[in-house]
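We did not get these values from a lab; they are worked out from the coordinates using the rules stated. The structure presented is a predicted model; accordingly, all values stated were derived computationally and were not measured. Virtual Cβ from ideal backbone geometry, glycine too; neighbours counted across all protein chains shown.
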Amino acid sequence: MPESRLTRRAASAALLALAFGAAAPSRGALARVRSRAPSGVRVDVEALRASVGDPTAAWVADFLPGQIAQQLARRGARASVSVRIDTLTLGSNTGGFGPAGSSYDNIGGVATIDGVERPVRATSSYYPSPVDQTMIEQANRERVRALTQALAYWIAQDAVR
């Protein structure tokens with residue numbers, strides 16, 4: 001009999017967890033909510049989408065507006081920022097010629113800060129990991145996140161000058 005109760009408890013707990021899990025918003029839904037651009041920040045990835053496609057362009061559109069807003073807030077800058085991303089290249093996934101076998105990733109475009117247009121670009125280093133080779137899409141997403149973070153830093157630097 002005790003074995004039967006334990007099974008019922010486990011089944012009840014599993015059903016309860018499933019019910020709460022289904023009621024919670026999915027990670028994709030949360031990502032869509034967060035991807036709305038903060039006021040004063042606009043990011044255009046259409047040129048990037050035409051050259052590299054999705055999901056890369058979608059990742060940039062998702063990450064960059066919030067990162068720019070965060071960097072501007074850190075500096076106390078109140079600027080209107082519009083960014084057009086034209087290029088994004090990811091170096092080799094298996095290693096490159098940088099320090100400790102790293103690869104270089106690059107992103108570039110044009111930022112318009114309070115009506116003044118200027119070219120922007122950023123570079124980040126990627127250090128390959130054996131785990132990344134089995135989860136290539138997730139690794140590339142994190143590489144794009146690092147690139148957009150670096151670009152947001154430099155855009156905010158330009159905004160406070």
Given unit charges at Cβ for Lys, Arg (+) and Asp, Glu (-), the dipole magnitude of segment 35-159 about its Cα centre in debye, nearest 20, is 360
When the charge dipole of segment 60-138 is computed with +1 at the Cβ of Lys and Arg and -1 at the Cβ of Asp and Glu, the Cα pointing farthest to the positive end, of GLY109, GLY76, GLY66, is that of GLY76
Please tell me the relative contact order of segment 92-161 in percent, rounded to the nearest whole number, where contacts are Cα pairs under 8 Å and at least six residues apart.
-> 31
Can you list the GluC sites (Glu not before Pro) in segment 41-139 that are in a DSSP coil and have 15 or fewer other beta carbons within 10 angstrom?
-> none
